[in-house]
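Peer 1: The following block contains the structure, expressed as structure tokens.
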2 protein chains.
Amino acid sequence: MTTTSEATFQHLLASRAKLMRPGGGPGGGQKPQYSLSGGYPDPGSFPFDELVQATARMMQEEGAEALNYGEAQGYLPLRELICRKYQHFEGLEIGPENVLIANGSSHALSLAFSAFVDVGDAIICEAPTFSGTLNTIRRHGADVHTVPVDGDGIVTSAVREQLAALRVEGRSCKLIYTLPNFHNPAGPTATLQRRQELIALAHEFETLILEDDAYGELRFEGEPLPSLYALDDRGVVIRSGTVSKILGAGMRIGWLVAPAPLVPYLQAFNFGGGVAPFTSRIATYYLRDHIIEHVAQLVEIYRRKRDAMIEGLNEVLEGTDAEISQPQGGFFVWIKLPTAADPAKVAQLAREAGVAFVPGANFFPHDGGERHIRLAYSYETEEKCFEGAKAIAWAIRGAMG
Amino acid sequence: MTTTSEATFQHLLASRAKLMRPGGGPGGGQKPQYSLSGGYPDPGSFPFDELVQATARMMQEEGAEALNYGEAQGYLPLRELICRKYQHFEGLEIGPENVLIANGSSHALSLAFSAFVDVGDAIICEAPTFSGTLNTIRRHGADVHTVPVDGDGIVTSAVREQLAALRVEGRSCKLIYTLPNFHNPAGPTATLQRRQELIALAHEFETLILEDDAYGELRFEGEPLPSLYALDDRGVVIRSGTVSKILGAGMRIGWLVAPAPLVPYLQAFNFGGGVAPFTSRIATYYLRDHIIEHVAQLVEIYRRKRDAMIEGLNEVLEGTDAEISQPQGGFFVWIKLPTAADPAKVAQLAREAGVAFVPGANFFPHDGGERHIRLAYSYETEEKCFEGAKAIAWAIRGAMG
């Protein structure tokens, strides 16, 4: 029944699908001794019992509504809860009409690419940028123009150059994708000045900004800066958020915050039946009672893990010219390998030591990243973050000269 | 913050989004006395307590895995359960590698349109066809060629004509979208001969078939016929399914069954994080113990509701030339209004009587359907199906000459 030859359907593929290089599939295989690759939340922090209780209470109170089709824009009390969350953590005032629920943050972001990007359309993103979104960008066939990230965040002078160059060619930039907080993977948080400059550029060049903020609540130190969405007064910013990092990625609940006129265009690519009516209710019943205390606990947990990882790295790499990011929040450390280290040798020794990490090249749309690696301190315990960091650091040492 | 003018972003929209006519938004408003419009499952049949128990048991047994990111193709035990379901209900043998989980059946179907349809590409569908998929088809900008449905299902001679006409123009038909069982809205189940003819046409003209089967298990009488997927021996059929009608639409779990070589192309449009790891586990824990008995109960419930609705309609419309479908399963009755009835008057009188239904035109890609209406017997109780049917039938009577 599955005798399809490639030739049978290749000519039927849509232009976006033709860009695919299929194959690969899920990695699978053995679990590494130190899982420092994906941005998996801390499994020990999941509130199992409370979620079961929330489910029972929700089913009793909501009845059949929880098991039937839902609202296209998402469960209203969840959208209201998200508004209160922004109010509490950032002092940002939005209404539920600005919130559009999706099946996780990656799905939410994909709605913006679906609404605005045709194959061949120009967009701007950082290099490095989040590898998951890079997949989405490629799937939409975007023509990707990159700008660097430095210690102050996205380099806005480079954004201006890219926008100006596109204008000379008579082309529009469809959107600028950026990660202003605890940049994934590079680490920096964009300064207020960079944020203001980016907004001004979007206004001047009539483009949109897609602001990815999956980790904003998980700030270990320093004061939160206003989001791009908050700074914009002309409705050109679309922002994503998620419960994946503060409740559980398995719920698959993310969202976009967008100026109301854009919402129907984004929602149009969310096909059928309303989004997550069941899990949205569970998340709402749990989070409305627990979000503040739970986030506070998570900040403690991840701060300690970050510190453990950086301590482990420093212990071994002190005296080398390795560059190790110091993120103020989020899940990741970004390392520039010492000049003398051979990246292929690092990969081989890390594999032998049982350390899984993500090679830097995965975060670059075109070339680059060969001398970087990303480590996640989110998934493993504090102890294993320390031990795993030392293990990869010894791999790096071992690959030097 | 939401001062975006349409002009600010209209020029940035993707070609598919430019086809949208935004506005409208959710209907909302008062709940009608008789909700006979959407295909909402019976709220009284939801297994509340069992689902809460399944959630608790699942959380205990699966631990953190349930709350973390999932497999891109979907939770393996759910895919295996779906294989066993097909084996039990139809004798169809497939493997979990043929199953791709999605967020409901509409989302699953949208993956096929994303993978195969560019703006302007030709597809064939029935007229009438399922209105939800019609939205998806329009969102993808397909050039829709229609074929009629008669008492034996899709009219394959018309399919041949459309395929031949496209070939003369040098164009491919990207896919044929069809609902072979208890056609929604028209009612008929495609005969074995029609199914075989359709497969042969897909082979001859090198196109794909997208087989929508959301209701297959809910057969009240007659023997199930082999699916198009089962009849095809060249891997050109993609089939959708869902738990929405047999467990709860709020779970948002649907799937595609596809020849393995097509799966990566379909999955590519399922962005990020794995599909529904949490609800997939709940559904699996409940269904693996209960699916056979629960489906048997639902068949009884919906059969009685169908009978009640048809009895109510016949009681009032006997002696008119109204045509009332007699579906062997599913959720819907399709009515051709009596020649003498004025459709606008029917709508007005039905509104006054508190009956919500779907006008026939909603199911037609182009013109047509003005003299049809669709009623759902799925949501209301048996008694209200009978009373609501009489109420709409009196509205029809009242609109006659």
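The values are calculated or read from the model by the stated rules, or taken from the named source; none is laboratory data. These numbers were taken from a predicted model, which means no experiment stands behind them. We place every Cβ from the backbone using ideal geometry, glycine too, and count neighbours over all the protein chains shown. With ligands, DNA and RNA removed, areas are computed over all heavy atoms of the protein, side chains included. Shrake-Rupley method; radii C 1.70, N 1.55, O 1.52, S 1.80 Å.
Peer 1: Which of the residues spanning segment A:61-102 are open to solvent by less than 20 Å² (accessible area, probe 1.4 Å), outside any helix (DSSP H, G or I), of a type in the set (A, V, I, L, M) and facing chain B (nearest Cβ under 10 Å)?
Peer 2: Across segment A:61-102, the qualifying residues are A:LEU92, A:ALA102.
Peer 1: A further question on this structure: Keeping to segment A:103-122, report how many residues are open to solvent by 20 Å² or more (accessible area, probe 1.4 Å) and among the β-branched types (Val, Ile, Thr).
Peer 2: Result for segment A:103-122: 1.
Peer 1: Please state which of the following conditions B:ALA165 fails to meet, knowing it meets all the rest: (1) in contact with a strand residue (DSSP E or B) (Cβ under 6 Å, 6 or more places away or on another chain); (2) open to solvent by 20 Å² or more (accessible area, probe 1.4 Å); (3) not polar (S, T, N, Q).
Peer 2: The single condition B:ALA165 does not satisfy is (1).
Peer 1: Working only within segment B:232-249, note down all residues that are open to solvent by 10 Å² or more (accessible area, probe 1.4 Å) and under 14 Å from B:PRO180 (Cβ atoms).
Peer 2: Residues of segment B:232-249 that are open to solvent by 10 Å² or more (accessible area, probe 1.4 Å), as a first pass: B:233-234, B:245.
Hits for segment B:232-249: nothing passes.
Peer 1: Give just the number: which of (1) over 18 Å from the mean Cα position of the chain (by Cα); (2) buried (at least 18 other Cβ atoms within 10 Å of the Cβ); (3) not in a strand (DSSP E or B) does B:GLU206 not satisfy?
Peer 2: For B:GLU206, the exception is condition (2).
Peer 1: Does A:LYS384 satisfy being within 23 Å of A:SER244 (Cα to Cα) and either in a loop (DSSP other than H, G, I, E, B) or in contact (Cβ under 8 Å) with a residue 24 or more places away in the chain (or both)? Before you say what the answer is, go through the steps one by one.
Peer 2: On the way: within 23 Å of A:SER244 (Cα to Cα): yes; either in a loop (DSSP other than H, G, I, E, B) or in contact (Cβ under 8 Å) with a residue 24 or more places away in the chain (or both): yes.
When the stated conditions are applied, A:LYS384 passes them.
Peer 1: I would also like to ask the following. Are any of the residues in segment B:279-292 within 10 Å of another protein chain (Cβ to nearest Cβ), open to solvent by 30 Å² or more (accessible area, probe 1.4 Å) and either assigned to a loop (DSSP other than H, G, I, E, B) or of a type in the set (A, V, I, L, M, F, W, C) (or both)?
Peer 2: No, segment B:279-292 contains no residue that is within 10 Å of another protein chain (Cβ to nearest Cβ), open to solvent by 30 Å² or more (accessible area, probe 1.4 Å) and either assigned to a loop (DSSP other than H, G, I, E, B) or of a type in the set (A, V, I, L, M, F, W, C) (or both).
Condition check ((1) under 18 Å from the mean Cα position of the chain (by Cα); (2) over 23 Å from A:PHE130 (Cα atoms)) across all residues:
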{"position": "A:VAL346", "(1), (2)": "no, no"}
{"position": "A:VAL358", "(1), (2)": "yes, no"}
{"position": "A:PRO365", "(1), (2)": "yes, no"}
{"position": "A:TYR377", "(1), (2)": "yes, no"}
{"position": "A:LYS384", "(1), (2)": "no, yes"}
{"position": "A:GLY388", "(1), (2)": "no, no"}
{"position": "A:ALA391", "(1), (2)": "no, yes"}
{"position": "A:ALA399", "(1), (2)": "no, yes"}
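Peer 1: Of all residues in segment B:213-231 being open to solvent by 10 Å² or more (accessible area, probe 1.4 Å), within 12 Å of chain A (Cβ to nearest Cβ) and not small (Gly, Ala, Ser), which is nearest to B:GLN196 (Cα to Cα)?
Peer 2: Once the filter is applied, the top-ranked residue is B:LEU231.
Peer 1: Let me ask something else about it. Residue check: is B:SER325 in contact (Cβ under 8 Å) with a residue 24 or more places away in the chain and either open to solvent by 10 Å² or more (accessible area, probe 1.4 Å) or more than 23 Å from the chain's Cα centre (by Cα) (or both)? Steps first, please.
Peer 2: Details: in contact (Cβ under 8 Å) with a residue 24 or more places away in the chain: yes; either open to solvent by 10 Å² or more (accessible area, probe 1.4 Å) or more than 23 Å from the chain's Cα centre (by Cα) (or both): yes.
In short, yes.
Peer 1: Restricting to segment A:183-203, what's the tally of residues that are out of contact with any Leu (no Cβ under 8 Å at 6 or more places or on another chain) and open to solvent by 10 Å² or more (accessible area, probe 1.4 Å)?
Peer 2: Step one: filter segment A:183-203 for residues out of contact with any Leu (no Cβ under 8 Å at 6 or more places or on another chain), giving A:183-188, A:193-194, A:197, A:200, A:203.
Cutting the leftovers down to open to solvent by 10 Å² or more (accessible area, probe 1.4 Å) gives us A:186, A:188, A:193-194, A:197, A:200, A:203.
Qualifying residue count, segment A:183-203: 7.
Peer 1: Failed condition for A:GLU161, given (1) more than 20 Å from A:GLU221 (Cα to Cα); (2) in contact (Cβ under 8 Å) with a residue 24 or more places away in the chain, with all others met?
Peer 2: Result: A:GLU161 passes all but (2).
Peer 1: While we're looking at this one, here's another question. Take B:THR320 and decide whether it is open to solvent by 40 Å² or more (accessible area, probe 1.4 Å) and not aliphatic (A, V, I, L, M).
Peer 2: On the way: open to solvent by 40 Å² or more (accessible area, probe 1.4 Å): no; not aliphatic (A, V, I, L, M): yes.
For B:THR320, the condition - open to solvent by 40 Å² or more (accessible area, probe 1.4 Å) and not aliphatic (A, V, I, L, M) - is not met.
Peer 1: In this structure, does B:GLY74 turn out to be on the phi > 0 side of the Ramachandran plot, in contact with a strand residue (DSSP E or B) (Cβ under 8 Å, 6 or more places away or on another chain) and modelled with pLDDT of 90 or more? Before the answer, list the steps.
Peer 2: Numbers: on the phi > 0 side of the Ramachandran plot: yes; in contact with a strand residue (DSSP E or B) (Cβ under 8 Å, 6 or more places away or on another chain): yes; modelled with pLDDT of 90 or more: yes.
So B:GLY74 fits the description; yes.
Peer 1: Condition first: closer than 22 Å to A:PRO188 by Cβ, surrounded by 20 or more Cβ atoms within 10 Å (Cβ to Cβ) and at pLDDT 95 or above. Can you find one or more residues in segment A:336-352 that meet it?
Peer 2: yes
Peer 1: Turning to a different aspect of this structure: Condition first: hydroxyl-bearing (Ser, Thr, Tyr) and closer than 17 Å to A:VAL117 by Cβ. Now tell me which residues in segment A:201-241 satisfy that.
Peer 2: Result: A:THR207, A:SER240.
Peer 1: Every residue in segment B:103-126 that is in contact with a helix residue (DSSP H, G or I) (Cβ under 8 Å, 6 or more places away or on another chain), among the small types (Gly, Ala, Ser) and more than 9 Å from chain A (Cβ to nearest Cβ), please.
Peer 2: Result: B:ALA112, B:ALA122.
Peer 1: Just give me the residues in segment B:159-186 being closer than 11 Å to B:CYS125 by Cα, within 17 Å of the chain's Cα centre (by Cα) and either among the small types (Gly, Ala, Ser) or within 13 Å of another protein chain (Cβ to nearest Cβ) (or both), in sequence order.
Peer 2: Passing the criteria: B:LEU175, B:ILE176.
Peer 1: So which residues in segment A:50-60 are free of Cβ contacts under 8 Å to residues at least 40 places away in the same chain and more than 7 Å from chain B (Cβ to nearest Cβ)?
Peer 2: First pass over segment A:50-60, keeping only residues free of Cβ contacts under 8 Å to residues at least 40 places away in the same chain: A:52-53, A:56, A:59-60.
Hits for segment A:50-60 are A:GLN53, A:GLN60.
Peer 1: Turning to a different aspect of this structure: What are the pairs with Cβ atoms under 7 angstrom where one residue, in segment B:80-98, is within 15 Å of B:ARG239 (Cα to Cα) and free of Cβ contacts under 8 Å to residues at least 24 places away in the same chain and the other, located anywhere, is of a type in the set (Lys, Arg) and part of a helix (DSSP H, G or I)? Sequence gap at least six, or different chains.
Peer 2: B:PRO96/B:ARG79
Peer 1: Ok, one more. Let me spell it out: the conditions are (1) open to solvent by 20 Å² or more (accessible area, probe 1.4 Å); (2) out of contact with any strand residue (DSSP E or B) (no Cβ under 8 Å at 6 or more places or on another chain), and B:GLY312 meets all of them except one. Which number is the exception?
Peer 2: For B:GLY312, the failing item is (1).
Condition check ((1) charged (D, E, K, R); (2) away from chain B (no Cβ under 14 Å); (3) open to solvent by 30 Å² or more (accessible area, probe 1.4 Å)) across all residues:
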residue: A:HIS140; (1), (2), (3): no, no, no
residue: A:ASP143; (1), (2), (3): yes, no, yes
residue: A:ASP150; (1), (2), (3): yes, yes, yes
residue: A:SER157; (1), (2), (3): no, yes, yes
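Peer 1: Taking segment B:182-239 only, how many residues are of a type in the set (Lys, Arg) and within 23 Å of B:ILE324 (Cβ to Cβ)? It would help to see each step written out before you state the result.
Peer 2: Start the filter on segment B:182-239 by keeping residues that are of a type in the set (Lys, Arg), which leaves B:194-195, B:219, B:234, B:239.
If we keep only those that are within 23 Å of B:ILE324 (Cβ to Cβ) too, we end up with B:194, B:219.
Total satisfying the criteria: 2.
Peer 1: Continuing with this model, one more query. If I go through segment A:12-37 residue by residue, how many of them are within 7 Å of another protein chain (Cβ to nearest Cβ), at pLDDT 85 or above and not in a helix (DSSP H, G or I)?
Peer 2: Result for segment A:12-37: 3.
Peer 1: If I ask for residues that are within 22 Å of the chain's Cα centre (by Cα) and free of Cβ contacts under 8 Å to residues at least 24 places away in the same chain, which ones from segment B:260-306 would you list?
Peer 2: Hits for segment B:260-306 are B:ALA296, B:GLU300.
Peer 1: Between residues in segment B:232-254 that are more than 8 Å from every other protein chain (Cβ to nearest Cβ) and assigned to a helix (DSSP H, G or I) and residues that are of a type in the set (Ser, Thr, Tyr) and open to solvent by 10 Å² or more (accessible area, probe 1.4 Å), which pairs lie under 6 Å by C-beta distance while being six or more apart or on different chains?
Peer 2: Hits for this filter: B:LYS245/B:TYR215.
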